[in-house]
1. By accessible area of protein heavy atoms, probe 1.4 Å, what ranking do ARG465, ARG294, ARG340 get, highest first?
2. With a 1.4 Å probe and every protein chain kept in, tell me what percent of the accessible surface of region 384-499 is carbon plus sulfur.
3. Could you grab the relative contact order for the chain? Cα pairs under 8 Å, six or more apart, rounded to a whole percent.
4. Within straight cross-link reach of LYS155, meaning Cα distance under 18 Å, which lysines are found once same-chain residues fewer than 8 apart are removed?
5. Of the beta bridges DSSP finds with both residues in the chain, what % are antiparallel, to the nearest 5?
6. Return the FRET efficiency for the residue pair GLU449, ASP242: r is the Cβ-Cβ distance, R0 is 51 Å, and the value is rounded to the nearest 0.05.
7. Using a 1.4 Å probe, how large is the accessible area of ASP187, given in Å² and rounded to the nearest 10?
8. Can you report the principal axis dimensions of the chain using only the alpha carbons, biggest first, rounded to whole angstrom?
Amino acid sequence: MLTKKYLITICFIALCSISFAKKKQPNILFIMSDDHTAQAIGAYGGLLSSLNPTPNIDKLASEGIRFENAFCTNSICTPSRACIISGQYSQTNGVLDLDNPLDTDKQYLPKELKKLGYSTAMIGKWHLHTEPVNFDYYKVLPGQGKYFNTKFLEKGKGDWPNNIVTSKGHSSDVITDVTINYLKNRDESKPFFLMHHYKAPHDMFENAPRYDNYLKDVEIPEPASLYNQPFWGSEATKGKNDSLIHYIGTSISPRHQQNHKKPTNYTNRWYGDSIDPKLGTHLAYQKYLKDYLRCVKGVDDNLGRLFDYLKKEGLWENTIIIYTGDQGMMLGEHDLIDKRWMYEEAMRMPFIVHYPKMIEKEQVSDLLINNTDYAPTMIELAGGKTPEYMQGHSFINTLKGKAEENWREATYYRYWMHIIHHYVPAHFGIRTKEYKLMFFYGAHYMPKEDFKGHYWATQYNGIDRETPHTFEFYDLKNDPQELHNRYNDPQYNEIIEKLKKQLIEKREALNETDKNYPKLEKIIQENWNN
């Protein structure tokens with residue numbers, strides 16, 4: 001009789017264990033590098049893939065799913081990060097540009113995951129200005145932080161923003177060390193949600209010394225549009241008869257050398273300013289790419305170290321690993337550097353998901369997603385439902401190998417910071433899988449009298465001036481590198497009109513109109529049918 005009761009008890013415990021295992025929530029590790037663009041990841045192919053810059057990220061992609069059509073809605077650090085954590089577009093979350101702080105009440109992603117039983121942590125580059133109060137633990141860079149010996153703001157070390165702690169070493173190494181230490185000391189009674197954010201490879205590149213000779217004797221392949229693109233752009237990006245080619249944008253070539261009123265890090269606005277200008281574009285490009293890729297290499301090697309730790313500790317199989325960048329980056333395409341633009345290289349984000357329990361190996365998706373979708377997807381992966389206040393949508397069905405129902409046909413984009421930093425005109429637009437329509441309205445959203453007190457107000461020429469108001473249209477099926485602006489080509493009139501209609505509808509549906517900015521609304525109305 002005792003033996004029978006004992007066997008029943010054992011069976012009951014076993015069944016409970018199986019049930020618990022089935023219900024066990026996955027850990028979520030969200031990894032984001034700053035300005036790591038898809039064309040600098042081997043798995044995405046392209047010019048740089050032959051250099052094998054990211055073997056660890058490539059392996060992660062081969063063992064999971066890679067999204068080919070992931071885009072940001074505002075290609076600049078703070079706004080993109082706000083879209084990711086809030087699941088909302090810029091006007092709804094209140095972060096239009098680098099100056100706007102994200103309200104602590106809108107740190108929605110950690111709040112929702114805590115409701116689902118997760119311990120939450122934020123480590124590395126934060127750049128949302130306000131304290132990450134909704135994380136159980138944080139250790140974040142103040143602002144941009146530094147590449148070497150950076151300070152951190154750490155929870156439990158005093159009141160924000162005086163809770164400063166120091167570090168030694170390169171930031172990519174230190175941030176990885178902090179994350180591994182957090183994992184060693186985490187609350188193991190709960191699943192973890194960890195945002196692991198690198199500073200690298202943000203510009204003003206500084207690599208760890210061990211990478212000084214990486215790619216030293218390698219010739220980096222160059223995009224053809226660095227030198228020749230007679231049909232690209234418009235008056236908004238080049239000026240009438242090329243009158244603005246020395247003003248608009250930031251270049252690899254020495255065409256931008258004197259735009260600032262006072263010396264700054266961008267005085268010459270030519271990355272090769274430490275090279276004799278007589279040597280020109282080629283060496284400037286080689287320097288820019290090697291400096292960038294040396295920072296990328298440091299990220300990838302550190303991810304290898306982090307992944308090894310997860311495997312060693314038995315966390316690999318039950319941890320959803322997401323890898324992305326906060327936006328893309330121009331790496332000399334169209335003779336441009338930095339992000340901000342709606343051109344493919346700046347708008348596209350890498351997005352890779354690894355989770356062996358759900359996602360089959362070597363999956364590639366062309367689903368049109370954007371950074372407002374990331375929070376809803378993670379919430380549903382954790383067992384929750386997308387909150388109604390989020391504007392993004394979960395694509396969990398795609399991760400499960402199923403089709404999404406009633407998915408978007410186009411994604412919306414808007415860049416607000418007219419001229420500031422890299423002389424990029426303000427613009428918005430819409431992208432489908434086949435076409436892209438951009439409108440450069442070319443004006444800052446603030447009236448000039450409100451510029452006072454902003455650090456950029458006296459550093460950049462022309463923020464208060466309008467640049468030309470024009471459209472650009474690209475046929476991405478036949479021109480994936482966006483070399484030929486077809487806006488004035490009659491054969492595309494019907495498609496362009498359809499896209500304009502979709503763009504108006506998107507702006508209304510997403511709270512992205514200019515009803516609060518009458519000056520901009522007037523510019524749009526007056527130039528919409530040009």
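1. So, going from the largest accessible area down, we get ARG465, ARG294, ARG340.
2. 45 percent
3. 20 percent
4. Correct list for LYS155: LYS111, LYS114, LYS125, LYS139, LYS184.
5. For the chain, the DSSP antiparallel bridge percentage is about 55.
6. 0.95
7. We get 70 Å² for ASP187.
8. Computed over the Cα atoms, the extents are 97, 51, 46 Å.
The values are calculated or read from the model by the stated rules, or taken from the named source; none is laboratory data. Since the structure is predicted, the reported quantities are computational estimates derived from the model, not experimental observations. Here Cβ is always computed from backbone atoms with ideal geometry, including for glycine, and neighbour counts include all displayed protein chains. For accessibility, only protein heavy atoms count, side chains too; no ligands or nucleic acids. Shrake-Rupley method; radii C 1.70, N 1.55, O 1.52, S 1.80 Å.
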